[in-house]
Amino acid sequence: MIKYYTKACNFYFGLISKKKVKSKFSLPLHGNNLISFDTIEILSRKKIKRINIKDINRLENKIKKKVLLDIKKITKKKSFKGLKLSKFPILMGVLNLTPNSFSDGGKYNKKGLGILHAKRLIKDGCGILDIGGEATNPGSKEVDVDIEWKRILPTLSKIKKLNKFISLDTRKSIIMKKGIKEKINLINDISGLDHNPDTIKILKETKIPFVIHHIQGNPQTMQEKPKYKDVVLDIYDFFEKKINYIRSQGIKHNNIILDPGIGFGKNLKHNITLIRNISIFHSLGFPVMIGTSRKRFIKGISKNNDSKERLGGTISSCLFAITQGVQILRVHDVNEVNQSIKVFNSLKF
């Protein structure tokens with residue numbers, strides 16, 4: 001039996017003029033009338049067909065039924081506890097309280113520096129603060145629970161007073177429990193909710209919003225020759241299976257974000273293919289997040305033009321993600337990415 005997937009394409013924007021995008025043959029993305037699309041790709045593991053949405057009724061009934069169900073998910077207005085998805089995109093500012101994160105390890109884990117950086121990220125325009133105490137870049141080893149929490153708590157207790165939406169970057173259920181008691185707003189677990197067996201139970205009991213993140217393997221092993229039959233459709237199937245599982249476990253709310261996990265068990269070709277096709281994940285019916293900031297794939301593309309902070313590659317990949325309707329961008333350089341978005345919008349629209 002052939003499985004079909006629907007990918008929204010060819011987006012139109014009206015962010016600067018604030019005029020609603022109106023076209024007889026375009027549809028709003030997630031109920032946002034300032035972003036619309038007029039084309040879809042219908043994919044299977046053997047072929048791709050690209051059509052204008054006005055031609056959907058010409059499809060054979062079996063495929064048309066699937067496409068219409070997907071389009072309903074793509075166009076339905078999204079709401080998310082604590083976040084205004086109408087603000088597009090939302091920037092998630094990275095606050096690493098570790099000595100060994102790949103880009104900024106050791107910069108903010110000393111006394112007082114974490115809260116200062118948090119204030120700077122907020123001033124620069126982040127909508128979410130993502131705080132973490134364990135490095136999960138390729139080759140990194142797991143950190144003891146007590147050490148991870150000791151890194152997080154002093155800064156977290158101060159950040160709470162800033163009245164900001166706080167994401168806790170952890171794969172450990174014990175840290176999740178502690179963070180929830182400290183009133184964090186979101187769980188961002190890079191393991192795809194698989195690291196600890198208690199995670200799903202905690203998410204169900206607390207009804208805390210969370211990210212479903214894709215990873216192949218774990219941080220120590222994930223870059224050892226990652227393989228996929230089709231990286232985009234394999235990850236789509238992973239998300240679909242995970243969503244069905246959490247529903248079967250009694251998690252009924254829709255405060256869920258999908259992150260395909262750039263650099264987490266993917267080689268250069270996998271990462272590029274995922275970014276190019278990221279709009280396919282809209283048909284799962286949840287907000288999409290991407291984290292390309294400063295990552296190694298930028299070096300793979302830019303080669304001798306690589307730089308320490310990879311700001312150019314970060315900005316270009318973020319702007320591309322915006323053109324695919326990605327709602328949340330996880331970045332280190334909030335001010336610079338915000339600046340690029342404002343200039344890009346004013347020139348493009």
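If the condition is being in a helix (DSSP H, G or I), under 19 Å from residue 258 (Cα atoms) and in contact with a strand residue (DSSP E or B) (Cβ under 7 Å, 6 or more places away or on another chain), then region 302-341 contributes 318, 321, 323. Of all residues in region 141-161, those being at pLDDT below 90 and surrounded by 12 or more Cβ atoms within 10 Å (Cβ to Cβ) number 1.
Name the residue, out of 65, 81, that is at pLDDT 95 or above and over 27 Å from residue 207 (Cα atoms). That would be 65, the only listed residue that is at pLDDT 95 or above and over 27 Å from residue 207 (Cα atoms). All of 347, 319 fail the test of being aliphatic (A, V, I, L, M) and closer than 30 Å to residue 254 by Cβ, apart from 319.
Residue 70 meets the conditions (1) in a helix (DSSP H, G or I); (2) at pLDDT below 95; (3) not aliphatic (A, V, I, L, M) in every case but one. The failed one is (2). Consider region 2-30 and keep the residues that are outside any strand (DSSP E or B) and at pLDDT 90 or above. The one that is farthest from the chain's Cα centre (by Cα) is 2.
Can you tell me which residue among 84, 54 is farther than 20 Å from residue 337 by Cβ and of a type outside the set (A, V, I, L, M, F, W, C)? I'd like the intermediate steps shown before the answer.
Numbers: 84 fails: farther than 20 Å from residue 337 by Cβ.
None of the others qualify; the one that does is 54.
Note on region 246-266: among residues that are among the charged types (D, E, K, R) and surrounded by 20 or more Cβ atoms within 10 Å (Cβ to Cβ), the one that is nearest to the chain's Cα centre (by Cα) is 259. Of a type in the set (Ser, Thr, Tyr), modelled with pLDDT of 95 or more and over 23 Å from the mean Cα position of the chain (by Cα) - does that describe any residue in region 40-54? Scanning region 40-54 turns up at least one residue that is of a type in the set (Ser, Thr, Tyr), modelled with pLDDT of 95 or more and over 23 Å from the mean Cα position of the chain (by Cα).
Can you tell me which residue within region 159-175, out of those that are among the charged types (D, E, K, R) and within 16 Å of residue 201 (Cβ to Cβ), is nearest to the chain's Cα centre (by Cα)?
Filtering first and then ranking leaves 171.
Of all residues assigned to region 204-217, at least one qualifies as being under 22 Å from residue 250 (Cα atoms), touching a helix residue (DSSP H, G or I) at 6+ places or on another chain (Cβ under 8 Å) and of a type in the set (Ser, Thr, Tyr).
Here is a check on your reading of the model: is residue 131 more than 15 Å from residue 82 (Cβ to Cβ) and in a strand (DSSP E or B)? So residue 131 fits the description; yes. Of all residues in region 117-132, those that are on the phi < 0 side of the Ramachandran plot have Cβ atoms under 6 Å from Cβ atoms of residues that are among the β-branched types (Val, Ile, Thr) and not in a loop (DSSP other than H, G, I, E, B), 6 or more apart or on another chain, in 118/159; 121/334; 124/334; 126/334; 127/90; 129/166; 130/94.
Can you name every residue in region 145-164 that is more than 10 Å from residue 133 (Cα to Cα) and either assigned to a helix (DSSP H, G or I) or in contact with a helix residue (DSSP H, G or I) (Cβ under 9 Å, 6 or more places away or on another chain) (or both)?
Initial filter on region 145-164 (more than 10 Å from residue 133 (Cα to Cα)): 146, 154-164.
Result: 146, 154, 155, 156, 157, 158, 159, 160, 161, 162, 164.
The residue that is surrounded by the most Cβ atoms within 10 Å (Cβ to Cβ), among those in region 171-192 that are of a type in the set (Lys, Arg), out of contact with any strand residue (DSSP E or B) (no Cβ under 7 Å at 6 or more places or on another chain) and assigned to a loop (DSSP other than H, G, I, E, B), is 172.
Matching residues to (1) over 19 Å from residue 92 (Cβ atoms); (2) touching an Asp or Glu at 6+ places or on another chain (Cβ under 7 Å); (3) not assigned by TED's automatic domain parsing to the domain that holds residue 219:
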position	(1), (2), (3)
148	yes, yes, no
152	no, no, no
155	no, no, no
159	no, no, no
162	no, no, no
171	no, yes, no
174	yes, no, no
177	yes, no, no
184	no, no, no
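If only residues of region 226-245 that are free of Cβ contacts under 8 Å to residues at least 12 places away in the same chain and either closer than 23 Å to residue 138 by Cα or buried (at least 18 other Cβ atoms within 10 Å of the Cβ) (or both) are counted, the one that is farthest from the chain's Cα centre (by Cα) is 227. The one condition from (1) closer than 19 Å to residue 117 by Cβ; (2) in contact (Cβ under 8 Å) with a residue 40 or more places away in the chain; (3) buried (at least 19 other Cβ atoms within 10 Å of the Cβ) that residue 168 does not meet is (2).
The values are calculated or read from the model by the stated rules, or taken from the named source; none is laboratory data. Keep in mind that what you see is a predicted model, and the values were worked out from it rather than measured. Every residue, glycine among them, receives a Cβ derived from its backbone with ideal geometry; neighbour counts consider all protein chains shown.
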